[in-house]
1. What residues have an amide H closer than 5 Å to that of A:VAL151, excluding those fewer than 5 places away on the same chain, when H is modeled at 1.01 Å from N in the peptide plane?
2. Structure shown: which of B:LYS147/B:LYS234; B:LYS65/C:LYS348; A:LYS362/B:LYS186; C:LYS55/C:LYS277; C:LYS174/C:LYS339 lie over 30 Å apart, alpha-carbon to alpha-carbon?
3. How large is ³J(HN,Hα) for each residue in the stretch C:176-192, as worked out from phi by the Karplus curve 6.51 cos²θ - 1.76 cosθ + 1.60 (θ = phi - 60°), to whole Hz, x for Gly and Pro?
4. Mind listing the long-range amide H neighbours of C:SER349? Cut-off is under 5 Å, sequence gap 5 or more, other chains count too, H placed in the peptide plane at 1.01 Å from N.
5. Say each of B:ASP114 and A:SER225 gets a label point 7 Å from the Cα, pointing the same way as Cα to Cβ; how far apart are those two points in nm?
6. Just checking the output field for A:281-290: average partner chain Cβ neighbours within 10 Å of each residue's Cβ?
7. Take each uninterrupted DSSP H stretch in chain B, measure its Cα extent along the helix axis, and return the ones at 15 Å or beyond whose mean Kyte-Doolittle hydropathy is at least -1.0.
8. Taking H as built 1.01 Å from N, whose amide H comes closer than 5 Å to the amide H of A:LYS118, not counting residues under 5 places away?
Amino acid sequence: MANNIIKVNHLPVLTWNRLKINSSEAYISKTSENSIEYDLPASIRTDSVDFITALSEFEALSGSVRRESFVSGKVPIYNEQAFITGMGKEADDYLASSGADIVIIDIPAEVNLSEPLKINVSGESSLFIKSGAGSAANIVIDAEKADFLSVRIFLNSGSQINISVSRVNNKAQFMTDFGAYLQDSASLELYSVLLGAEKIYCGIGIDMTGDNSRFKSELAYLRGSGEDEDINYNIIHRGRNTESEFNVRGVLLDGGSKTLRDTIDFRRGASGARGNEQENVLLATEKENSVFNKSVPLILCEEEDVDGRHGASIGRIDPKTTLYMESRGFTPEEARRLLIHGHIGSVARSIPDKDIYKAVEKYIEARI
Amino acid sequence: MSNKLLKINKINVSAAIHGAVSNTIDSKTKTENERETGVKILHDLSLDINEGETHVLLGPNGAGKSTLGYTLIGSPEYVVTEGEIIFDGNDITHETADKRAKMGMFMSFQSPVDVPGITLNDFIKEAIRSRTGKSIPIFKYKRELAKTMEALSMDEKYAERDVNVGFSGGEKKKSEILQLLMLNPKFAILDETDSGLDVDAVRTVSAGIAEYQKRQNGALLIITHSTRILSSLKVDYTHIMINGHMAATGGPELVEEINQNGFKRFLNQN
Amino acid sequence: MNNKFNIDDIDRSLYDFKYDDKDFYRSKEGITPEIVQQLSEDKNDPEWMREFRLKSLDLYYKIPVPNWGPSIDGLDMNHIATYVRPNTNMKDDWESVPQDIKDTFDRLGIPQAEREALAGVGAQYDSELVYHNVKDEVLKQGVIYTDFESSLKGEYADMVKEYFMKLIPPTDHKFAALHGAVWSGGSFVYVPDNVKVSIPLQSYFRLNAKGAGQFEHTLIILGENADLHFIEGCSAPKYNVANLHAGAVELYVGKNSHLRYSTIENWSKNMYNLNTKRALLEEGASIEWVSGSFGSHVGNLYPTTILRGDNSKAEFTGITFAGQGQNLDTGTRMVHVGKSTSSIIDSKSISKSGGISTYRSSIEIRESAVGSKVSVNCASLMLDSDSRSDTIPAMDIRTPYCDVGHEATIGRISDKTIFYLMSRGIKESDARAMIVSGFASPVSKELPLEYAAEMNNLIKLEMDEG
């Protein structure tokens, strides 16, 4: 599929064009056959439909009135979709026409799945997941053979979903687009460890519509020579007492490049909301002029009664930490390896699948 | 007869001025003599410590006590501009920290850093493996770790937590003493180990240090400006540091004198 | 004279402005080449300046309005000619100054003569006198401090020509181009090597009676080992019938020199404040920006520092208070080029009564800026849920040898703190005002006492206004 270019990862509010961070352009590349493999218990309904039908169903759930182009009546924001995702509308348009495999997964109300749902995706796929009120599930997505993975989740009241997406693969490109709507007291945890692939595009859009809903996320990356990662997080707090927390931890080796846009958006009425976003970039190379890091930690707010915090820390391994480790007998090289493993490992550990964790550790070891 | 474990011979220590690429390119390509230095902190300092001895270093705030500790463990923040440090027969004056640790040195830090992503359990296991060069039997290690944590009244859950991340001040200090007991060095520097601890924690940590004194003929340099932690420890020598100079050396009775009269007597000497 | 700067070395890519041709503006927008020509003749510009103005005007027509930031739809571009030729339509008598402005003068305790000067109407008797005294003091030190028009003709004419609009070229953005075409008034300051100016210079004394100050150009050049504190404006509201302020401030800080540039901006609430300020630092140089933004209807203000020389330092301390009807988009840009450069940003913003306050920044660390350190701290205070506060920071880092820390928080005045103050007998509204003043203290404590006092008064006024 040559010459397919889509604009993705839009900053909700524009800034200086010369910084070239308002959005990114992605070339689509497909290298594997499409397939979605899963082993679901009988109680969970799945459907295979076309993209437009599935999307319409989910847009009806999220309420198409959500589309707004101004906040506070004056500030223009990007929101072209009725069901928000991190990458934006053009990704949807592409999926509608590309023949990706589609599946709708419906977890019934009050069902609590003890075993993790493991899903293997390949090529281009789009998952639509609905969790019924009070249900709970653990979903583990293995995206090793994926080119483009799109996931949409609608969480009904009180439901809890833990989802992890991992990928350890050296293919040329990987794109993943994520969108979720949380109703009252719903809770979503998302862990992503995206390694390998020369170019990775990752978009995550979360609409915390319901009161007391919670979103927690951790994402880890490692980029070396010729590799780029382009991430867009957009977390909207609408309901009261909503809480969001996320951590992005990454390592840039020689030649590594990465762009992270992360937005916490407090809408009027989200009183009692709390948002905490932290980014931590380890510049782990000795070569001068060899990294490319863009960080855009946005906070948008039109509600007084909130607590928002945003931190970004970009730098090398702290000499104090190295001294501490050396004083325990680790050589500087051993210390460096351990810290890089730890930097990413602290996210990888949250993935409830030992095999994936081992694959991640093995990959990192090979890279450093 | 005790063997001289540590000989510090008339060292002068200054703060290092970091180049643009602090602690990386600069400290690797430049020898100690070439590094830029700033303020001199320690002046003509000498000190001998034998195997099994416990030395206490007291002095008012800003005396330079911690600087001595950091210099001994090999921190790149300080440069020895004159003099030498001999440890276990080796000249370690300009040696890197990890080499000193492998030779049997250890430091319990006043403000231990967070080491995210590595559990306390894994950290200690790796450190032991790194030092001894061989794999340790897992079962024996786990038993040893559990026993030691219990002796320090440390909840076993801390073993699976990332090193120092989210630990209270007291737990961090216990984590340092836990490492001391598990790594069993020949010589340990304890920098302000009792700062920020409540009464019970001081007692526990103190007991941990006493255990270290007993186990291996380990030597200790206890740096402190209060004497709480010393109450139940055997002390062989006491040193008073004022403004980067060694103002006095005496036996354990000096501790009691400081308790009664403070440092007044020594302040005028400089 | 000592001239250690290589203007041509300024990296053009720093000012790369690419625009989309589809927004090509063809209209003359109220300013014609004839008007500019006339203006130039009235001022007796040297020939090069006349050409410069006309070229800038051309750029002004071509460059589109930015697609980001607060809307400037309310700005009447068709009547810009009016602002340039103030005598034509502007009223210049005390009677036509709006009542709320007159009231503010009252509450701030500003004496009659000063009020009229600030309103751009009266004779500046008192201020003239003070101004002359200051001038003599600094002249003794060898400092040059003149109005900008004179600097083009006097003994420093060549120097000024060399530096003029090189740091902020007309290509930079639409209102830099406009500035290049119709600039008028402003100051030129030159501090020779090794001179430390003992008293702060204040541009307040340069205010012309005839409603000028909209397009003033400030050029400050420090030699080596020099020191200067420059205070722009004052905290009383500047009333203007005209509603566009597109001034430019260019600051050159020589080797090992230090400049402190303080501004309390309190333009009247109908103003579009599109000011551009930029500083270029040589080796070992340092600058402190102290900035309080209280006025204007719409503000776009991003003091920019280019840390070109090794070991140069920049500090930015700012507060922005957006009240009813205001949309203030402010922040700072730091461009690290030299080695071991460092910048510290401490920014506070407050939004109230429907105001919109945006903190917008960009930190660029170039490949060459090995060993740079940056620390950013932005805090936003929301005083109600009618208002808005956005934080839009960007960091672009190209070297692995740097250390960047960024912290941003947003929230409200803590109930616990209000309660604590009330339990000491302070009434609630006063407690709130105290807390907000405390929030703004990093700025007020960097200002000379009378400015800090006026700033705190301003805050109190803002808090009182329902």
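1. A:LEU127, A:ASP177, A:PHE178, A:GLY179
2. B:LYS65/C:LYS348; A:LYS362/B:LYS186; C:LYS174/C:LYS339
3. 6, 5, 4, 4, x, 7, 10, 4, 7, x, x, 10, 10, 10, 10, 10, x
4. It is C:THR320, C:ALA379, C:SER380, C:LEU381, by chain and number.
5. 3.4 nm
6. Mean shielding count: 5.
7. TM-like helix candidates: B:120-132, B:138-151, B:169-183, B:199-215.
8. Counting only residues 5 or more places away or on other chains, the set is A:ASP39, A:VAL140.
The values are calculated or read from the model by the stated rules, or taken from the named source; none is laboratory data. On a predicted model such as this, the values are computed, not experimentally measured, just so you know. We place every Cβ from the backbone using ideal geometry, glycine too, and count neighbours over all the protein chains shown. Heads up: the accessible areas ignore ligands, DNA and RNA and are worked out on the full protein's heavy atoms, side chains in. Shrake-Rupley method; radii C 1.70, N 1.55, O 1.52, S 1.80 Å.
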